[in-house]
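Chemist: Pasting in a structure now, in structure tokens, and then I'll have a few things to ask.
None of the figures in this text is laboratory data; all of them are computed from the coordinates on show. Source: prediction; values computed, not measured. Glycine also receives a Cβ, built like all others from the backbone with ideal geometry; neighbour counts cover every protein chain displayed.
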Amino acid sequence: MKLNTIQRKKFRIRNKLKRNAGKDRYRLSVSRSLKNFSAQIIDDMNNKTLLSASSIEKEIKSGAKINKISTSKIVAEKLAKKALDKNIKKIYFDRGKLKYHGRVKVFAETLRKNGMEF
């Protein structure tokens with residue numbers, strides 16, 4: 001099966017992270033669409049999702065109408081709070097095919113401010 005450019009880029013980034021992943025760190029996978037933003041912390045050793053946060057959740061969506069960047073900040077704060085409750089501080093940031101720019105960059109900076117290390 002021949003992969004297109006976007007798929008090759010995604011697999012290249014993800015496989016580099018999986019090779020370096022150890023028992024002390026988990027992978028934070030980020031995905032975004034035109035309207036929503038979501039992220040999940042994944043344990044690659046056991047192939048399980050430990051935590052997730054999304055802009056589709058009731059607590060985030062029920063608020064007043066907010067722009068996309070503010071939504072990504074709220075999702076980051078929510079995910080950081082969940083992670084610190086489960087004593088997860090060190091992660092690998094997996095941006096996938098997305099550029100480290102805009103909503104993804106704001107998301108990462110907000111996570112760092114809330115105590116996550118990557």
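Chemist: Per residue, what volume in Å³ does the convex hull of the Cα atoms of the chain enclose? Let's see the in-between values first.
Modeler: Numbers: hull volume 13.8 nm³, N = 118.
Considering the Cα atoms of the chain, their hull volume per residue is 117 Å³.
Chemist: Based on alpha-carbon centroids, what's the gap between the range 46-101 and the range 1-34 in Å, whole number please?
Modeler: Distance between centres, Cα-based: 17 Å.
Chemist: Hey, can you list the DSSP H helices of the chain whose Cα span along the axis is 18 Å or longer and whose average Kyte-Doolittle score is at least -1.0? Present the calculation step by step, with values, prior to reporting the outcome.
Modeler: Working: long enough: 5-20 (23 Å, -1.83); 68-85 (26 Å, -0.14).
Both cut-offs are met by 68-85.
Chemist: Under the 0.36 nm per residue contour assumption, what length would be gained going from the current alpha-carbon distance of K58 and E117 to full extension? Don't skip to the answer; put the middle values down first.
Modeler: Details: separation 59, 0.36 × 59 = 21.24 nm, distance 2.76 nm.
Difference between extended and current length: 18.5 nm.
Chemist: Hey, another quick one. About the Cα centre of the chain, how large is the charge dipole given +1 on each Lys and Arg Cβ and -1 on each Asp and Glu Cβ? Please answer in debye to the nearest 20.
Modeler: Numbers: 33 positive and 10 negative charges, 122 e Å.
About 580 debye.
Chemist: So what are the ³J(HN,Hα) numbers for the range 40-54, from phi and the Karplus equation (6.51, -1.76, 1.60; θ = phi - 60°), rounded to whole Hz, Gly and Pro as x?
Modeler: 8, 9, 10, 9, 6, 5, 9, 6, 10, 8, 8, 9, 8, 8, 8
Chemist: Further question on the same structure: Taking the beta-carbon count within 10 Å as an exposure proxy, list V106, V75 from fewest neighbours to most. Each step should come with its number before you reach the end.
Modeler: Numbers: V106 18, V75 27.
In increasing order of surrounding Cβ atoms, one gets V106, V75.
Chemist: Mean residue ellipticity at 222 nm from the helices of the chain, using -39,500 (n - 2.57) per DSSP H segment of n ≥ 4 over the full residue count, to the nearest 500 deg cm²/dmol?
Modeler: Numbers: 4 runs with 49 residues, N = 118.
Helix-only estimate at 222 nm: -13000 deg cm²/dmol.
Chemist: Moving on. When DSSP beta bridges are limited to those with both residues in the range 5-113, what percentage is antiparallel, rounded to the nearest 5?
Modeler: Numbers: 12 of 16 bridges.
DSSP beta bridges in the range 5-113 are roughly 75 percent antiparallel.
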